[in-house]
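Trainee: Below you will find the structure I want to go over with you.
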Amino acid sequence: MVRRYPASVREFDLMIIGAGSGNSIIGPQHDNWNIAMVERGKFGGTCMNVGCIPSKMFVYSALLAELAGHGPALGVNTSFNGADWPAIRDRIFGRIDPIAEAGADYREGLDNVTVYRDSARFVGPKQLAVAGEVITAEKIVLAPGARPMIPDVPGLSDVGFHTSDTIMRLDELPERLLVIGGGYIATELGNVFGSFGSEVTFLVRSGRLLRHEDDDVSLRFTEASRHKFDVRCMTQVLSARREDGEICLVISQNGEHSEVRGDQLLVATGRIPNSDDLNVEATGVTVDRSGYVVTDSQMQTNVPGVWALGDVTNPAQLKHVANYEARVVAHNVTTPDSPIEVDDRPVPHAVFGHPQVASVGLTERECHQHDIKHVSHIQPFGSAAYGWAMEDTKSFVKLIADPDTRLLIGVHIIGPQASTLIQQLIQGMTLGHTVDEMAHSQYWIHPALPEVLEQALLEI
């Protein structure tokens, strides 16, 4: 079938595709611009609707359940007596959904913004087909995000699996949850369901969970997870089917075939950029072998007047990265004669599982791979007074430093509040402080948990 498009093309000053971080591009300085906003999903993008925000709200509730079960070990008569899943779910999305709709209503209410709430594809240089129109703009921002990657497993499409986009809206807590994947999405959501009472089975291709983390961290995380869940590493999923109301997966582990069964299945094997859905190559934009839009240091693509940001261009797929890139793009779109560039310093990240993980900079494995001279040190939480009070014997801080410059080149933390603890060291790295300056040039509150950072800095 030959698809025909209208002969006339509607022109705008600025076209923004994606209402996640891309939505923040528009400011008061654009009040006189004629702007098109294109979004096929909910306003707020992945983070607001199916990612960071709802998942961390679930994570916080799961943490309370986890801690309640550990009270007796410290002489506190607490216990976990089950979770009201619909109440938890409705509390979370009852707060989030109105925000997404309010964002759309606000944009639609602006006289200078035309909102297209539909799928779109480029059909020519700077020409986008959407909602029965073809629109164009002198300046275009690509921020369409990413989507779950679905592995090619025979029968998988027929069993009714979930991804991170859908599983948080389940009607009831599954008794048995199968999880394909071992990265941050799999481990965070798997831990949520497990903390609420589901029997969780992880099916992981590699030898451990969170394999991209520093080896000491991923091994400790895998060990901790095995105490709570059925973790099957070095496992390949061969096929999927429904049988007697159950999801049945045929797996291969260490050369032996077997079956695992569950009530629900979460597929969390990564996310892929939406550049193909958008057909960006039709407008001349270059993508790499993985489908990510290629940009320069100013976030501009190879096509003049076209910028890209967020998950469609950055494999890190982190909201704080997308927000930062949006600020760079907003400046460069508005004031092209004085462009700014993105900062190339290491980007931190965190995994909000139990235990929590946070990291910035190089892993020790990467140092060995690239022959980078380094020293490292692991400091257990229990060595600090507060960690000792918690009776924490598993958590630790790992520092990696350049022995000549005495600068930190990697920080890896596993344990309670890892994502908060690491920020102080991120600041020190950003300001160019040596480990000695960070350790000696400030007071460290005693007996607060950050003392473990002080101890690690002193030791390295």
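Trainee: Would you work out the relative contact order for segment 156-269, in percent, from Cα pairs under 8 angstrom that are 6 or more residues apart?
Mentor: 35
Trainee: How far, in nm, would the chain grow between His320 and Glu366 when pulled straight, counting 0.36 nm per residue and subtracting the alpha carbon separation?
Mentor: So the extension gain works out to 14.2 nm.
Trainee: Now for a separate question. Please work out which option in (1) 74, 47, 43; (2) 73, 64, 43; (3) 69, 48, 40 gives Cα extents along the principal axes in Å calculated from these coordinates, and answer with its label.
Mentor: (2)
Trainee: Exceeding 20 Å between C-alpha atoms, which entries from my cross-link table qualify? They are Lys56/Lys319; Lys228/Lys398; Lys42/Lys126; Lys373/Lys398.
Mentor: Checking Cα-Cα distances, Lys228/Lys398; Lys42/Lys126 exceed 20 Å.
Trainee: So, one more: Tell me what the chain gives for mean residue ellipticity at 222 nm when only DSSP H runs of n ≥ 4 count, each as -39,500 (n - 2.57), the sum divided by the residue total, rounded to 500 deg cm²/dmol.
Mentor: Taking each H run of at least 4 residues, the total per residue is -8500 deg cm²/dmol.
Trainee: Using a 7 Å offset from the Cα along the Cα-to-Cβ direction at both His440 and Asn112, what is the distance between the two label points in nm, to one decimal?
Mentor: It works out to 5.5 nm between the two label points.
Trainee: Please work out the Cα center distance from segment 430-454 to segment 173-239, rounded to the nearest Å.
Mentor: Taking the Cα centre of segment 173-239 as reference, the centre of segment 430-454 is 34 Å away.
Trainee: Using only alpha carbon pairs under 8 Å that are at least six residues apart, calculate the relative contact order of the chain and give it in whole percent.
Mentor: 13
Trainee: Describe numerically, in nm with one decimal, the distance between label points set 7 Å from Cα along Cα→Cβ at His70 and at Asp337.
Mentor: Calculated label separation equals 5.8 nm.
Trainee: Which Cys in the chain stand alone, with every other cysteine's Cβ at 4.7 Å or more from theirs?
Mentor: Cys233, Cys248, Cys367
Trainee: Kindly rank 61-67, 306-312 from highest to lowest mean number of other beta carbons found within 10 Å of each residue.
Mentor: Ranked by mean Cβ neighbours within 10 Å, highest first: 306-312, 61-67.
Trainee: Among bridges DSSP assigns within segment 156-269, what percent are antiparallel (round to 5)?
Mentor: 55
Trainee: So how do 228-237, 81-90 stack up, highest first, on mean other-Cβ count within 10 Å?
Mentor: 228-237, 81-90
Trainee: Shifting gears a bit: Find the centroid of the Cα atoms in segment 22-76 and in segment 274-290, then give the distance between the two in whole Å.
Mentor: Centre-to-centre distance over Cα atoms comes out at 27 Å.
Trainee: Among Ala186, Leu265, Phe221, whose Cα lies farthest out toward the positive end of the dipole of segment 156-269, if unit charges sit on the beta carbon of Lys, Arg (+1) and Asp, Glu (-1)?
Mentor: Highest projection toward the positive end goes to Phe221.
Trainee: Among DSSP beta bridges whose residues both lie in the chain, state the antiparallel percentage, nearest 5.
Mentor: The answer is about 60 percent antiparallel.
Trainee: So for each of 334-341, 194-201 I average, over its residues, the number of other beta carbons within 10 Å; can you give me the resulting order with the highest mean first?
Mentor: For the peptides 334-341, 194-201, the packing ranking is 194-201, 334-341.
Trainee: Using θ = phi - 60° and the Karplus curve 6.51 cos²θ - 1.76 cosθ + 1.60, what whole-Hz ³J(HN,Hα) does each residue of segment 71-83 get, with Gly and Pro shown as x?
Mentor: Running phi through 6.51 cos²θ - 1.76 cosθ + 1.60 with θ = phi - 60° gives x, x, 5, 10, x, 9, 7, 10, 7, 9, 10, x, 10 Hz.
Since every read-out is calculated from the coordinates, none of them should be taken as a lab result. All of these numbers come straight from a predicted model, not from anything done at the bench. Cβ sites come from the backbone with ideal geometry, for glycine too, and all protein chains shown count toward neighbours.
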